[in-house]
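Have a look at the structure below before the remarks.
The values are calculated or read from the model by the stated rules, or taken from the named source; none is laboratory data. Fair warning: this is a prediction, and the values are worked out from it, not measured in the lab. Here the Cβ positions follow ideal geometry from the backbone for every residue, glycine too, while neighbour counts run over all protein chains shown. Surface areas here come from the heavy atoms of the whole protein model, side chains and all, with no ligands, DNA or RNA. Shrake-Rupley method; radii C 1.70, N 1.55, O 1.52, S 1.80 Å.
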Amino acid sequence: MTERDLGLRSEEERQRARLEREARRAGRDLDDLYVDGASTGAPRKPGRPGHGRGHIFARRLVALLLLAAVALVAWFVISLFEPGKGGGHGTVAVTIPAGSSVGEIGDVLSKNGVVGSSFFFELRARMAGKSGDLKPGSYVLKHDMSYSSALDALTKGVVAKIVRVVIPEGRDRSQIAPLVKSDGLTGNYLTASKSSSQLNPRRYGAKNARNLEGFLFPASYELKRGSSATDLVDKQLAAFKENFSGVNMSYAKKKNLTPYDVLTIASMIEREAQLSADRKLVASVIYNRLHAHMNLAIDATLRFELQNWDKPLKVSELNSRRAYNTRTRPGLPPGPIGNPGLASIEAAAHPARTSYLFYVNKPWTCGKLAFASTDAQFQKDVDAYNAARAKNHGNAPTKC
């Protein structure tokens, strides 16, 4: 070995010793400072086994990305389903135009502070299958409602401020009461319609009226939601007075009939005449039988007292001396058997001029009556009806 070779080796050993000292101070291995056996002071080349800084950085980056993805998913789920969020606070008036898409509805709600995001509202609506069920209208909603609460409100629609109550012609108080209850009016209709400061039956010739039966005018009424049965009765009585005031009572007065008698006759017409054309004819039969001192024999009066409008009447009931049994008692029943409409009241006040004393349903018609002036003709009509009924296997021979 030459002096030159010894000098180079000595220099290499000194350099290696220096690098070892620096590595110890830096806490690194000497191999990390050597590349391919050469002392360069640079890190190990990529691809060599070990735990270099690049590998550690990559692992940390992947972990951060995974953490960010989990956080993003959690934020999305919380934003969409809003766990723990309630029905909102305060009130805000919102109008949803007819024909609005679910996205447009979401925009309206978001702009008014009802929900936090139009996007999430639309997504929730579609996920719940309610995007086509949202109803237009003017709503009073709340600020910061959950998406589910807002969807429920718009699916139900606007709660009507007006209640429409329809009272059919001829119904009695006991039949009207359940209609009133089903329409949401408060209070008891039977109690409310027993008496009222709005109308005194005595002024109409009703000396012993037990209630307001006959004066409760049948019509369609609009009331504010939350109104009571008394509110409805007041409207019915007002409508009765207005309509009855226009009825000409001159003919009935000539026959010594009071307004209350006319109401009673009208209530029977409502039950007996199914067609408008028969109203005045039925009225004429009642007038003629009263004039001839014949019992009216109208079973509807007994049905009213028994509150039996559908089932067959028993023989014992038909032969009874009940106050409303016009088969066994002469004259008019004690009072109306329902609440007649204007057409029947006018027919009762001005009957047709006929000699009819009888009537029976005409077979194979839609409620038309066959009228007769003699008992013989009446029996023929009854026989024809019974024969048609027997041919129809005991069912009413009606064709509409």
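Being of a type in the set (A, V, I, L, M) and closer than 25 Å to Pro168 by Cα holds for only one residue in Ala277, Ala323, Ala292, and it is Ala277. Annotation note: of Lys135, Lys130, the sole residue that is at pLDDT 90 or above, assigned to a loop (DSSP other than H, G, I, E, B) and within 30 Å of Ala160 (Cα to Cα) is Lys135.
In this entry, Gly367 is excluded by the filter for residues that are in contact (Cβ under 8 Å) with a residue 60 or more places away in the chain and within 26 Å of Thr258 (Cβ to Cβ). Annotation: Pro340 fulfils all but one of (1) touching a residue at least 24 places away in the same chain (Cβ under 8 Å); (2) open to solvent by 40 Å² or more (accessible area, probe 1.4 Å); the unmet one is (2). Among residues of segment 93-119 that are without any contact (Cβ under 8 Å) to a residue 40 or more places away in the chain and open to solvent by 70 Å² or more (accessible area, probe 1.4 Å), none has a beta-carbon under 8 Å from a residue that is of a type in the set (Ser, Thr, Tyr) and not in a helix (DSSP H, G or I) at least six positions away or on a different chain.
Within segment 295-306, none of the residues are polar (S, T, N, Q), more than 16 Å from Ile337 (Cβ to Cβ) and assigned to a helix (DSSP H, G or I). Here segment 172-225 is the region considered, the condition is being free of Cβ contacts under 8 Å to residues at least 40 places away in the same chain and assigned to a loop (DSSP other than H, G, I, E, B), and the residue that is least open to solvent (accessible area, probe 1.4 Å) is Leu212.
Might you check whether a residue that is more than 30 Å from Thr95 (Cα to Cα), open to solvent by 50 Å² or more (accessible area, probe 1.4 Å) and touching a residue at least 12 places away in the same chain (Cβ under 8 Å) occurs anywhere in segment 161-169? Scanning segment 161-169, I find at least one residue that is more than 30 Å from Thr95 (Cα to Cα), open to solvent by 50 Å² or more (accessible area, probe 1.4 Å) and touching a residue at least 12 places away in the same chain (Cβ under 8 Å), so the answer is yes.
Scanning segment 357-382 for residues that are part of a loop (DSSP other than H, G, I, E, B), open to solvent by less than 70 Å² (accessible area, probe 1.4 Å) and farther than 25 Å from Pro168 by Cα returns Leu357, Pro363, Ser373.
The residues of segment 233-276 that are without any contact (Cβ under 8 Å) to a residue 12 or more places away in the chain and either farther than 19 Å from Thr301 by Cβ or open to solvent by less than 10 Å² (accessible area, probe 1.4 Å) (or both), listed by number, are Glu242, Ser245, Gly246, Ser250, Lys253, Lys254, Asn256. Can you say whether Arg353 is under 30 Å from Asn256 (Cβ atoms) and either open to solvent by 70 Å² or more (accessible area, probe 1.4 Å) or at pLDDT below 95 (or both), as far as the supplied structure shows? Here the answer is yes, as Arg353 does meet what is asked.
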